[in-house]
1. Take residue 67 and decide whether it is without any contact (Cβ under 8 Å) to a residue 60 or more places away in the chain, in a helix (DSSP H, G or I) and buried (at least 17 other Cβ atoms within 10 Å of the Cβ).
2. Taking strands (runs of 3 or more DSSP E) that do not extend beyond segment 71-128, which have at least 2 residues that are surrounded by fewer than 16 Cβ atoms within 10 Å (Cβ to Cβ) and touching a helix residue (DSSP H, G or I) at 6+ places or on another chain (Cβ under 6 Å)?
3. Among (1) surrounded by 18 or more Cβ atoms within 10 Å (Cβ to Cβ); (2) in contact with a helix residue (DSSP H, G or I) (Cβ under 8 Å, 6 or more places away or on another chain); (3) farther than 25 Å from residue 142 by Cβ, there is one condition residue 30 misses while meeting the rest; what is its number?
4. Would you be able to say whether some residue in segment 44-51 is in a loop (DSSP other than H, G, I, E, B), in contact with a helix residue (DSSP H, G or I) (Cβ under 6 Å, 6 or more places away or on another chain) and surrounded by 14 or more Cβ atoms within 10 Å (Cβ to Cβ)?
5. Inspect all residues belonging to segment 52-60 and state whether any of them is within 25 Å of residue 26 (Cα to Cα), more than 17 Å from the chain's Cα centre (by Cα) and without any contact (Cβ under 8 Å) to a residue 60 or more places away in the chain.
C-alpha cells in the first residue's frame, strides 16, 4: 500500500487499488478486493450491492496512473509535482457484475503518447474472466 500511496495522489475512500502485482515497460497489473462495507454499497443498491461500473473504470485509471508514475519516476520526474488527469474514455464494455467479496485484477497496457497525453487500454477481470474493457487517455499534469 505504501508504494501505491507514493505513486498516485488518490486516497481512501477514493482509492480503488489494494496491491500492485506488476509494472512492466508496457503496462501494469493491480488487484483489489471488493469489500461489503464500502460506502457506495449503501445506495448502489441496498439489498443487492453491485460495484458501480464507473468505479471499476476508476480502478483502471488508477492502475494506469501507477504505471505512468513509474515511467516518469524512471525519467527523474518528481511525482509530487504531477497529477494524473483523465482526458478521454472510449469503448467501455461491461461484461459481468462485481459484488462485495469479489477479487478483481486490473490490467492496463500503454498504446501511445501524444504530447502530454498517454493513450492506454485496460481491462478488469474476475476469476480470469472479463468484467470490463475500455480505452482511455490520461494527461500527467505538472503543477
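1. Judged against the criteria, residue 67 is a match.
2. 82-94
3. (3)
4. Narrowing segment 44-51 to residues in a loop (DSSP other than H, G, I, E, B): 44-51.
Keeping just the survivors that are in contact with a helix residue (DSSP H, G or I) (Cβ under 6 Å, 6 or more places away or on another chain) gives 49.
Checking the rest, the ones that are also surrounded by 14 or more Cβ atoms within 10 Å (Cβ to Cβ) come to 49.
Yes, because at least one residue in segment 44-51 is in a loop (DSSP other than H, G, I, E, B), in contact with a helix residue (DSSP H, G or I) (Cβ under 6 Å, 6 or more places away or on another chain) and surrounded by 14 or more Cβ atoms within 10 Å (Cβ to Cβ).
5. no
No lab work stands behind these numbers, since they all come straight from the coordinates. Just so you know, these numbers come straight off a predicted model, no measurement behind them. Cβ: placed from backbone, ideal geometry, glycine included. Neighbour counts: every protein chain shown.
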